[in-house]
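Right, one structure below, let's go through it.
No value in this document is a laboratory result; all are computed from the given coordinates. Source: prediction; values computed, not measured. Reconstructed Cβ throughout: ideal geometry from the backbone, glycine too, with neighbour counts over all protein chains shown.
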Amino acid sequence: MTMAAAERPRGIGGAISDIFFARPQLLTLLLLMPPLLWIGVVYVGSLFALLLQSFYSLDDFSGLVVHQFTLATYQQLFEGSNVQIILRTVVMAALVTVVSAFIAFPIAYYAARYARGWMKALFYLAVMMPLWSSYLVKVYAWKLILAKEGVITWFANALHMGWLLDGVLGLPIVGGPSLSFSYVGTFLVFVYIWLPYMILPTQAALERVPANFIEASADLGADPGQTFRTVIFPLALPGIVAGSIFTFSLTLGDYIIPQIVGNSRLMIGQAVYTLQGTAGNIPLAAAFTVVPMVIMAFYLWMAKRMGAFDVL
Amino acid sequence: MSPAVRFQNVSRRFGAIRAVDGVSLDIQPGEFFALLGPSGSGKTTCLRLIAGFEQPDEGHIEIFGETVEGVPPYRRNVNTVFQDYALFPHMTVGENVAYGLMIKGVGKAERETKARDALAMVKLAGYEGRRTAQLSGGQRQRVALARALVNGPKVLLLDEPLGALDLKLREQMQEELKSLQTSLGITFVFVTHDQGEALSMANRVAIFSEGKIVQVGTPADVYERPTSRFVADFVGSSNVLSPEVAASHGGSATWTSLRPERIEVVATGAGVPTGYASARGKVSVVSYQGAVTRITVVTDKLPLVASVPATTPFNKGDEVTIAWPMAAMVSMGDAA
């Protein structure tokens, strides 16, 4: 019996496979179509619609949106209270990001360099577990912790450190009647909530720094401090930048945390929430939304210029 | 003059494993010294002890007469070429080479000149501005070499320096390393599991087995006069004769090494030359290797491997007489 060099296609599946084998571009096109449609229409499309809205304006008398191109809405962004909202939010996001980076780095470094076996599992669990529980529950829990009758006040008094807490609350701007009604409180909750998003990318970046780079650096005469500055930190920087994109943009856009923990002064997210809801001022809400996008674009451009992505 | 590197009864344990077990060794200044052994034999740990990445649990280490226990790697005047080169990906080739000088605070202009010279020395002139990712394996190897040598180390350590290169490149680099070492006069200590590499490059070789040095000597010493079955087997290949077999062929009643290339096949009808031992047997394996053919001859006592010129063809099952000079039987003493 002789064997045929080529077998006949088996069934309809086999026939389709043969078509794809002969025309690989067709397969690529079919595979890419759904994600491209999703990103193109649903994602970029809606973003574009948002951008378009920001160039309309609201008629003050009728409360209706005037569908006519204008920069008046953007002009409103730079008026008194609106500028305050933007500045307040950007400063908060920047502080949250910097402090998160400082807290996250040693944890990420330990996890990447030293933790092995069950210690590593424990690390992932500890970092990720807060992400599994409801965000609202955590924020309300913090409200209780930070309240005047809360555990922090109690603890401070028990340690006879009440004066320190009162001192912090007595500070202008950042202070307030209690931690849960102050910027300090808002800040603490932001750092708590977004910290995992800083730790994980930093840890991933540090994980990719081979141990023998550190040995090579020491071998070439660098003491641990020099090795950190010239080898470890530059190689971890893309991870820190990735983490800071999360912490920074999430803080810029959040409207729940400052509403539950904080004073009555608005942040960008809250402004958008109020404007698109009761006020019905979609154009100004859209203009506010464009602010974080512009800031993030600028931030990434700066990071790229400083060489943060050179090793990627 | 004190030796370049001195190990006195050095041990290093990892948990229950004695990676280095009571090693004593003197490496002379200007030597090209090979640490040879199978993986896990402790040779790399010895290199890391010299570099300072490991500290001995017991014993004493000196580099040019100075005690180095407790001295961190960044305060030792030795440099290492790492097995996978460990070039910094966020720096250009030039910055990599100048790294050690930058750390020492050498001015920009001076370190750039020195880096350029070092790259020229390893035949990579003009590569300063390249990214390390753009280099081939052989080029990375050269950059790693330049990065170490630019610091003017007293001892250069090389960890399996040619392991990742293909055969042709490896042979070329062997020659270059050898001539570089001769011209610089720096002590080179290199780790390898490749006995051919050790024999062709080194002035002296230390052979490691299970954390201990089993023999130290020139390449000719360890090849021609192995003192143990392990060395006879690991360095080149060898027929190991038991004391009884060695005695029956006129050798001394000790474990004896007989190199395959010393065994000849006696032509049919010709007698066994004087001063030769001989045996008859049947060819069981024929392996053509280009320049030579390796045949395994099953004699009444044991199978013997012989390397013979490829000019005479052999077939499996041929009845042959083999002979070897009495002097080719090297007694390894009582070592098993």
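How much net charge surrounds A:ALA156 when only the other residues with a Cβ under 15 Å from the Cβ of A:ALA156 are counted, with Lys and Arg +1 and Asp and Glu -1? Write down the numbers at each step before the final one.
Details: positive: A:LYS148; negative: A:GLU149, A:ASP166.
Taking every Cβ under 15 Å from that of A:ALA156, the sum is -1.
Report, in deg cm²/dmol and to the nearest 500, the calculated mean residue ellipticity at 222 nm for chain A, where each DSSP H run with n ≥ 4 adds -39500 (n - 2.57) and the sum is divided by the residue count.
-22000 deg cm²/dmol
Using the Cβ atoms and a cut-off under 9 Å, what net charge is assigned to the surroundings of B:VAL81, where Lys and Arg are +1 and Asp and Glu are -1?
Cβ neighbours under 9 Å give a net charge of 0.
Return the whole-Å distance between the Cα centroid of region A:245-267 and the Cα centroid of region A:60-105.
12
If I model a spin label as a point 7 Å beyond the Cα along the Cα-Cβ vector, how far apart are those points for A:LYS148 and A:THR278 in nm?
The modelled label-to-label distance comes out at 2.4 nm.
Taking 2.2 N^0.38 Å as the expected size of a compact globular protein, what ratio does the Cα radius of gyration of region A:13-119 give against it, to two decimals?
For region A:13-119, the normalised Cα radius of gyration is 1.96.
Over all distinct Cα pairs, what is the inverse of the mean 1/r for region A:100-245, reported as the Kirkwood hydrodynamic radius in Å?
It is 17.6 Å.
With the radius of gyration and the Kirkwood radius both derived from the Cα set of region B:12-132, what is their ratio Rg to Rh? Write down the numbers at each step before the final one.
On the way: Rg = 17.4 Å, Rh = 16.9 Å.
Radius of gyration relative to Kirkwood radius: 1.03.
Can you pull the one-decimal nm distance between simple spin-label points at B:ARG75 and B:ARG131, each 7 Å off the Cα toward Cβ?
Simple spin-label model gives 3.9 nm for this pair.
Binned at 10 Å from 0, what are the whole-percent values of the Cα-Cα distance distribution for region B:5-233, short to long?
Calculated over all Cα pairs of region B:5-233, the distribution is 8, 33, 35, 19, 5, 0 percent.
Which order do the peptides B:108-119, A:134-145 take when ranked by the mean count of other beta-carbon atoms within 10 Å per residue, highest first?
Taking the mean over residues of other Cβ atoms within 10 Å, the ranking is B:108-119, A:134-145.
Starting from the Cα of B:ALA109, step 7 Å along the direction of its Cβ; do the same at A:GLU79; then give the gap between the two resulting points in nm.
6.1
Could you tell me which of rounded, prolate or oblate describes the protein assembly as shown, using a ≥ b ≥ c as the square roots of the eigenvalues of the alpha-carbon gyration tensor, with rounded for a/c under 1.5 and, failing that, prolate when a/b is larger than b/c and oblate otherwise?
Working: a/c = 2.89, a/b = 2.07, b/c = 1.40.
Note, shape of the protein assembly as shown comes out prolate.
I'd like the Kirkwood hydrodynamic radius of region A:250-312, using the inverse of the mean 1/r over distinct C-alpha pairs, in Å.
It is 13.3 Å.
Express the relative contact order of region B:159-279 as a whole percentage, based on alpha carbon pairs under 8 Å and six or more residues apart in sequence. Don't skip to the answer; put the middle values down first.
On the way: 119 pairs, mean separation 16.1, N = 121.
Reported relative contact order: 13 percent.
Give, in whole angstrom and from largest to smallest, the semi-axes √(5λ) of the equivalent ellipsoid of region B:62-103, with λ running over the eigenvalues of the Cα gyration tensor. If you can, show how the numbers build up before the last one.
Values: eigenvalues 132, 27, 14 Å².
Listed largest to smallest, the semi-axes of region B:62-103 are 26, 12, 8 Å.
How would you rank A:146-154, B:137-145, highest first, on the average number of other Cβ atoms within 10 Å across their residues?
Sorting A:146-154, B:137-145 by mean packing, highest first, produces B:137-145, A:146-154.
How large is log10 of I(q)/I(0) for region B:99-197 at q = 0.10, 0.24 Å⁻¹ when the intensity is taken from the Debye formula with one equal scatterer per alpha-carbon?
Reported log10 I(q)/I(0), two decimals: -0.28, -1.46.
Can you figure out the FRET efficiency of B:VAL286 with B:SER179, using R₀ = 45 Å and their beta-carbon distance, to the nearest 0.05?
Step by step, r from the Cβ atoms, then E = 0.70.
Of the options B:VAL155, B:MET121, B:GLY137, report the single residue whose Cα projects farthest towards the positive end of the charge dipole of region B:102-241 (beta-carbon charges: Lys, Arg +1; Asp, Glu -1).
My answer, from the dipole projection, is B:MET121.
Using only Cα atoms, locate the centre of region B:117-151 and the centre of region A:4-39, then give the distance between them in Å, rounded to an integer.
One Cα centre to the other: 47 Å.
With n ≥ 4 as the cut-off for DSSP H runs, can you work out [θ] at 222 nm for chain B, using -39500 (n - 2.57) per run divided by the number of residues, rounded to the nearest 500? Kindly include the intermediate steps, with their values, before the conclusion.
Working: 9 runs with 91 residues, N = 336.
Calculated from helices alone, the mean residue ellipticity at 222 nm is -8000 deg cm²/dmol.
What is the gain in length, in nm to one decimal, between B:ASN9 and B:SER200 on full extension, counting 0.36 nm per residue of separation less the C-alpha to C-alpha distance?
65.9 nm
In what order do B:LEU49, A:LEU159 fall by count of nearby beta-carbon atoms within 10 Å, going from fewest to most?
Least crowded to most crowded, the residues run A:LEU159, B:LEU49.
Can you work out D for chain A in µm² s⁻¹ from Stokes-Einstein, where Rh is the Kirkwood radius over C-alpha pairs, the temperature is 10 °C and the viscosity is 1.306 mPa s? Don't jump to the answer; show the numbers that get you there.
Details: Rh = 23.8 Å.
Taking Rh from Cα pairs, D becomes 67 µm²/s.
Assuming a ≥ b ≥ c are the square roots of the Cα gyration tensor eigenvalues, decide whether region A:167-279 counts as rounded (a/c under 1.5), prolate (otherwise, with a/b larger than b/c) or oblate.
Numbers: a/c = 4.30, a/b = 2.25, b/c = 1.91.
Judged from the Cα gyration tensor, region A:167-279 comes out prolate (a/c at least 1.5, a/b above b/c).
Taking the Cβ-Cβ separation of B:THR218 and A:ALA211 as r and a Förster radius of 30 Å, what is the calculated FRET efficiency to the nearest 0.05? Working shown, then result.
Values: r = 36 Å, r/R0 = 1.19.
Step by step, r from the Cβ atoms, then E = 0.25.
Can you work out ³J(HN,Hα) from phi for every residue in region A:157-174, in order, using Karplus 6.51 cos²θ - 1.76 cosθ + 1.60 and θ = phi - 60°, giving whole Hz and x for Gly and Pro?
5, 4, 8, 6, 10, x, 4, 5, 4, 4, x, 4, 5, x, 5, x, 6, 7
Just to be sure I understand: of the beta bridges DSSP finds with both ends in the protein assembly as shown, what percent are antiparallel, rounded to 5?
75
Under the classification rounded if a/c is under 1.5, otherwise prolate if a/b is larger than b/c and oblate if not, where does region A:147-188 fall, given a ≥ b ≥ c as square roots of the Cα gyration tensor eigenvalues?
Judged from the Cα gyration tensor, region A:147-188 comes out oblate (a/c at least 1.5, b/c at or above a/b).
Taking 4 °C and 1.567 mPa s as the conditions, I'd like the Stokes-Einstein D for region B:238-331 in µm²/s, using the Kirkwood hydrodynamic radius from alpha carbon pairs.
Approximately 98 µm²/s, per Stokes-Einstein.
Enter the Cα centre distance for the pair region B:71-113 and region A:141-216, rounded to the nearest angstrom.
Each part reduced to its Cα centre gives a spacing of 40 Å.
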